[in-house]
Amino acid sequence: MNRSLHIILNCGVVGCLGILLALAERFLDGYSIQILNLVAINILLALSLNLIYGFTGMFSLGHAGFMAIGAYVCALLILTPDQKATLFLLEPAYPWIEAAHAPFLLAVAAGGLAAGAAALLVGIPLLRLGDDYLGIATLGFAEIVRVLANNLPRITNGALGFKGIPAYADLWWNYGWCLLGLLIVVRLLGSTTGQCLKAIRDDEIAARAMGVDAFRLKLLSFTLGAFFAGVGGGLLASLLTTIDPKMFLFTMTFNVLMMVVMGGLGSVTGSVIAGAAVTMILEWLRFVENPITVGNLTLPGIPGMRMVVFSLLLIAVILFRREGLMGTREITWERMAAWVRRGRTA
Amino acid sequence: MTIEILLQHLLNGLTLGSLYALIAIGYTMVYGILRLINFAHSEIFMLGAYFVFWGVTLFHLPWPLALFGAVVAVALVGVLVDRVAYRPLRDAPRISALISAIGVSFFLQNVAIVLFKAIPREVYRPQWLEDPLLVGGVRVLPLTLFVPIFSVLLMLGLVYVVYHTKPGLGMRAISKDIETSALMGVPVNQVIALTFGLGSALAAASGIMWALRYPQLQPVMGVIPGFKAFIAAVFGGIGSIPGAVIGGVILGFLEILIVAFFPDLAGYRDAFAFVLLIVVLLVKPTGLLGARSEEKV
Amino acid sequence: MKALVEARDLTMRFGGLVAVSEFSLAIPKGAIVGLIGPNGAGKTTCFNMITGFYRPTSGQVVLDGQDITGLPPHLVCRAGIARTFQNIRLFGNATALENVLVGMYVRQKTSWWQSVVFWPAALREQETQRTRAMELLAAVGLTDMAAEKASSLPYGAQRRLEIARALATGPRFLLLDEPAAGMNPQESQELMAFIRRIRDDFDLTILLIEHDMKVVMGVCEHIAVLDYGVTIAEGSPAAIQANPKVIEAYLGEEALAHA
């Protein structure tokens, strides 16, 4: 299939998505729109972790930390100085923190850049570690970020966090960033450099023997992944309008890991599908935790049940279908064309 | 700082350190054999505390019997976790088992939230642990003595099992080379089950004593002590039982003393262990005793 | 003739064990040289020192007058040395074509972000890389299997793919670690012709480790023999075959095997 047809088809999909979003914005209720927003952010987050773990083979558990950095930087930049003056109750903010202000686009980008810079900083020493040690060390990094957020009240307002963050993150922003992330990751993975990332995942020694500077490329993938995690964090801060250190517990990383594993390590389309599916399942399971009234019978909600089901789901995937939904396969136009042809001849 | 307060700090450090050490032993034994960070170990620790609470309040068992019953029950949970969630993944890539472990950890934590509710609970403490004793003119809570003494007894028991019994020999053999051990007729799966059982029993004991020392029960109470104990195991040299004990005790002392001498840093208490972890991994990943492979189990 | 590659007194110690001791070899440009010796003699260790995977305890590796001792593997490769592995190390999940593309990366001029933003020069380079990779696959006779997963290729094809991937890095010096392993006589015969052909077509100098003496004697112009890390003989195939020390080293091993 030639390239121009690809471009036309891809533009078509983006156009359809645009129309659907416009319709959603007009006709759907606030709750459904909120879920659609979360879907976009979670796809971006799953994609970013998949780049790091699924495509480059670095088992990182630091996502919550990168998201926290992105969220705090973005929130600080879109809160107005007046808001910040009233927000910082424990101790007044540093003057430069209070004065800093930027439009939403720049604020989100700055959040991503800050997270990317942090990744570069911790990646240089940590990426030498393999497998599980890298996982536990990056988890340590995320915890350190959280403890810092708790203990730097003049920057983060301590345990109270921020409230009343301007809610700029609408469908357009979230899906825009999500598409940008998809475009960059897909373009990167399709390039020769992308082949090298996968080569490092499959056999780092062979890759190095073939002249691949494994460390530099791992750092690139880690930093780029962290950048989009930071962007996701920034969007989330604006979507939820409140953030505090408790939001960025290990559970946050766990949810993203779940999406990546379910979708398939090393599959972009897998991450997209699983990002959307897991978000909806998580929302749907919220009902289990709230009291349900059937007729005149009220069933009490069961707090914690959501994560019980969820963790069981993860264990089941790992035990019975380790490659997840897609494995390393992708849904491409070629494959869809093949399906259509097969359908016709059958 | 008076000498009495310093003594108090040292005793607190020893108490905290022995609790870490007990948990760390479980991490180190499992890692030594399976190269698996058993994330669920923190929840095993938490279950120990809850099971005693249940035994006393629900079944009205006398405290020592509840304690014993809880340790046994938790050991069984540990064995069950291995059987269900890890054993099918022995031949899978190592990270798969790790992800499964993370899943089990979240599962147990949230089952605990469902069963016990997220609200913190008060713990029953036998009166004799709370009446202060006079030791050489210093007032000491029996509890602060009970924890280190009981811990040492448990560790001695473990040392006996590992170094002087046949299953212990099996553990040491498997940690050196699992395939050869299997060929030599070591019943690998049984020995691994025993390892999980023993490690879980120690973690349960630690959880129970933790709840006596810091008397509040919460489903997430295991997370932070669990991580710190794992760090202690890495610090001491993962795979080494003496390393886990030494690492645990040192970490306990450091944590108490740093907060005692630099009260401003109290808020960073939880970050401290992670910084230590990253430094150890970068500077000497084998830890204090890791290089001495003959100690590996 | 001036040597393209020179190993000077390479010694590798692991703890107390001396794996290779004072290994010296000068390889003239365009030569095909064999490195033989019983199992565990330290042949692969020599490869690992030359390609930067081990930093030699002492000694030097010189490529075309430039000291490359202690460079990391990817820089050794960039300097013009490529290798294959004894236990074939292909990227199993990737296709044959993609495997070769990884080899092209080291000579890539445009940066990753240029491909991301559709930079024309990057797109052009990607096209050239693909064309070149297909040419290399054709050179090793794998055109039909370009889209196959590397791990699903037959054994002989995997060996050839590994060579194609090594050629993609644009080497001057190629190291082959047991290229004939697992091949039948017919295949080894073809392999010899193949090795000579790539030497001529790609203007290469080749060093190979091999146990199949027919291949070694048939293709190599010069042979070095290692035993317990020590070079016990060096010379033309005929001289090596007549060398009593070599016979002893091999017969000794055989005698042990029969005992």
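The values are calculated or read from the model by the stated rules, or taken from the named source; none is laboratory data. Not measured: the values here are computed from a predicted model. Neighbour counts run over all protein chains shown; Cβ positions are idealised from the backbone, glycine included. Only protein heavy atoms, including side chains, enter the accessible area calculation; ligands, DNA and RNA are left aside. Shrake-Rupley method; radii C 1.70, N 1.55, O 1.52, S 1.80 Å.
For a 21 Å ceiling on Cα separation, which of these pairs sit above it: A:Lys198/A:Lys218; A:Lys246/B:Lys284; C:Lys29/C:Lys245; A:Lys246/B:Lys117?
From the list (A:Lys198/A:Lys218; A:Lys246/B:Lys284; C:Lys29/C:Lys245; A:Lys246/B:Lys117), the Cα-Cα distance tops 21 Å for A:Lys246/B:Lys284; C:Lys29/C:Lys245.
Could you sort A:Cys74, A:Cys11 by accessible area so the largest value comes first, with the probe set to 1.4 Å?
From most accessible down to least: A:Cys11, A:Cys74.
Find which of C:Ala157, C:Gly170, C:Met213 sits farthest along the positive direction of the dipole of region C:108-259, computed with +1 on the beta-carbon of Lys and Arg, -1 on that of Asp and Glu, about the Cα centre.
C:Gly170
Output the relative contact order of region A:16-249, whole-number percent, from Cα pairs under 8 angstrom with separation of 6+ residues.
39
What is the protein assembly as shown by shape, rounded, prolate or oblate, if you read a ≥ b ≥ c off the alpha carbon gyration tensor as root eigenvalues and call it rounded for a/c under 1.5, prolate for a/b larger than b/c, and oblate otherwise?
Since a/c reaches 1.5 but b/c is at least a/b, the shape of the protein assembly as shown is classed as oblate.
From the square roots a ≥ b ≥ c of the eigenvalues of the alpha-carbon gyration tensor of chain C, which class results: rounded (a/c under 1.5), prolate (a/b over b/c), or oblate?
prolate
Find out how many positive minus negative residues lie around C:Gly80, taking Lys and Arg as positive, Asp and Glu as negative, among other residues whose Cβ is under 13 Å from that of C:Gly80.
+3
Considering the dipole of region A:243-342 built from charges on the beta carbon (Lys and Arg +1, Asp and Glu -1) around the Cα centre, which of A:Met280, A:Leu297, A:Gly270 is farthest to its positive end?
So the residue furthest toward the plus end is A:Gly270.
Need the list of lysines near B:Lys176 for cross-linking: C-alpha distance under 16 angstrom, and skip anything on the same chain fewer than eight residues off.
B:Lys166, B:Lys296
Quote the relative contact order of chain B in percent (integer), defining contacts as alpha-carbon pairs under 8 Å separated by 6+ residues.
36
When Lys and Arg each count +1 and Asp and Glu each count -1, what net charge do the other residues less than 12 Å away from A:Gly123, Cβ to Cβ, add up to?
+3
Who wins for biggest fluctuation among C:Ile81, C:Ile240, C:Ile32 in a Gaussian network model of chain C, springs between alpha carbons below 10 Å?
Largest GNM mean-square fluctuation: C:Ile240.
Hey, how many Å between the Cα centroid of region A:256-326 and the Cα centroid of region B:61-139?
Measuring centre to centre over Cα atoms gives 26 Å.
Say we join alpha carbon atoms closer than 10 Å with springs in a Gaussian network model of chain A; which of A:Gly266, A:Gly158, A:Gly275 then has the biggest fluctuation?
Of the options given, A:Gly158 has the highest mean-square fluctuation.
Using heavy-atom solvent-accessible surface (probe 1.4 Å) with all chains present, what is the largest-first order of C:Lys245, B:Lys284?
The most accessible residue leads, giving C:Lys245, B:Lys284.
Would chain B count as rounded, prolate or oblate if I go by the C-alpha gyration tensor, calling it rounded below 1.5 in a/c and otherwise prolate when a/b exceeds b/c, oblate otherwise?
Verdict is prolate for chain B.
Extent of region C:3-67 along each principal axis, from alpha carbon coordinates, in Å, largest to smallest?
Principal extents (Cα only, largest first): 35, 25, 18 Å.
Over both sides of the C-A contact, add up the buried accessible area with a 1.4 Å probe and give it to the nearest 100 Å².
2700
Taking the Cα centre of region C:98-254 as origin, work out the dipole magnitude from +1 charges on Lys and Arg Cβ and -1 charges on Asp and Glu Cβ, in debye rounded to 20.
740
So how much accessible area does C:Trp113 have, in Å² to the nearest 10, using a 1.4 Å probe?
110
Determine how large the accessible area of C:Met134 is when every protein chain is in place; take a 1.4 Å probe and give Å² rounded to the nearest 10.
70
Give the distance, in whole Å, between the Cα centre of region B:203-225 and the Cα centre of region C:162-239.
64
Lys and Arg at +1, Asp and Glu at -1: add these up for the other residues within a Cβ distance under 14 Å of A:Asp202 and post the number.
Spelling it out: positives minus negatives among the neighbours equals +3.
Please compute the contact order of chain C in relative form: average sequence separation of alpha-carbon pairs under 8 Å and at least six residues apart, divided by the residue count, as a percent.
RCO, chain C: 26 percent.
Rounding to the nearest 20 debye, state how big the charge dipole of the protein assembly as shown is about its Cα centre with +1 on each Lys and Arg Cβ and -1 on each Asp and Glu Cβ.
900
Between A:Glu289, A:Glu204, A:Glu98, where does the largest GNM mean-square fluctuation fall for chain A, given springs only between Cα atoms within less than 10 Å?
Comparing A:Glu289, A:Glu204, A:Glu98 in a Gaussian network model of chain A, the most mobile one is A:Glu289.
Alpha carbon centre of region A:142-174 versus region B:3-37: separation in Å?
Answer, in whole Å: 34.
Just read off the accessible area of A:Cys196 with the full protein assembly in place, 1.4 Å probe, to the nearest 10 Å².
0
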